[in-house]
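Here is the structure we will look at, set down as structure tokens.
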């Protein structure tokens, strides 16, 4: 997971992550945008123009180990939220389901999304998504 995140964020295949690349990598990996202070801390011992793959892996392992038990749910949400908006649209969910569960009938995906989108604004928040993942799926949504 760490190496693939590094490779995805090193789009130009430079072999390192710039400060901006690192911010994107942290969002993808952990689910939040790091503060300037956090980026400074991560980059303070870097000698070259950016953070190498080994440096990234070493820096991120402790962060991942410190995450709460709900981190897996957060990772799924971040994967669905490909545009990093902090909410999911029907399009996001359909796209993700086609990739990871192509046999799920589209009407089932639409029904589940509609149930989560209680106010009908076309958006599902992280909190609603987390609730569904923890409780509804356990009950056989």
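Please pick out the residue among 23, 63, 111, 33 that is in a helix (DSSP H, G or I), within 18 Å of the chain's Cα centre (by Cα) and surrounded by fewer than 17 Cβ atoms within 10 Å (Cβ to Cβ). Within the list 23, 63, 111, 33, the selection yields 63.
Report yes if some residue within segment 48-60 is outside any helix (DSSP H, G or I), modelled with pLDDT of 90 or more, touching a helix residue (DSSP H, G or I) at 6+ places or on another chain (Cβ under 7 Å) and not assigned by TED's automatic domain parsing to the domain that holds residue 9; otherwise report no. Looking for residues that are outside any helix (DSSP H, G or I), modelled with pLDDT of 90 or more, touching a helix residue (DSSP H, G or I) at 6+ places or on another chain (Cβ under 7 Å) and not assigned by TED's automatic domain parsing to the domain that holds residue 9, one finds none in segment 48-60, hence no.
Being more than 15 Å from the chain's Cα centre (by Cα), in a loop (DSSP other than H, G, I, E, B) and either free of Cβ contacts under 8 Å to residues at least 24 places away in the same chain or over 19 Å from residue 1 (Cα atoms) (or both) narrows it down to one residue among 40, 68, 119; which is it? Result of the check over 40, 68, 119: 119.
A quick yes/no check of all residues on (1) in contact with a helix residue (DSSP H, G or I) (Cβ under 7 Å, 6 or more places away or on another chain); (2) in the same structural domain as residue 24 (by TED's automatic domain parsing); (3) under 30 Å from residue 15 (Cβ atoms):
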| position | (1), (2), (3) |
| --- | --- |
| 75 | no, no, yes |
| 82 | yes, no, yes |
| 90 | yes, no, no |
| 131 | no, no, no |
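The values are calculated or read from the model by the stated rules, or taken from the named source; none is laboratory data. This structure is a prediction, so every number in the text was calculated from the model and none was measured. Cβ coordinates were reconstructed from backbone atoms using ideal geometry, including for glycine residues, and neighbour counts include every protein chain displayed.
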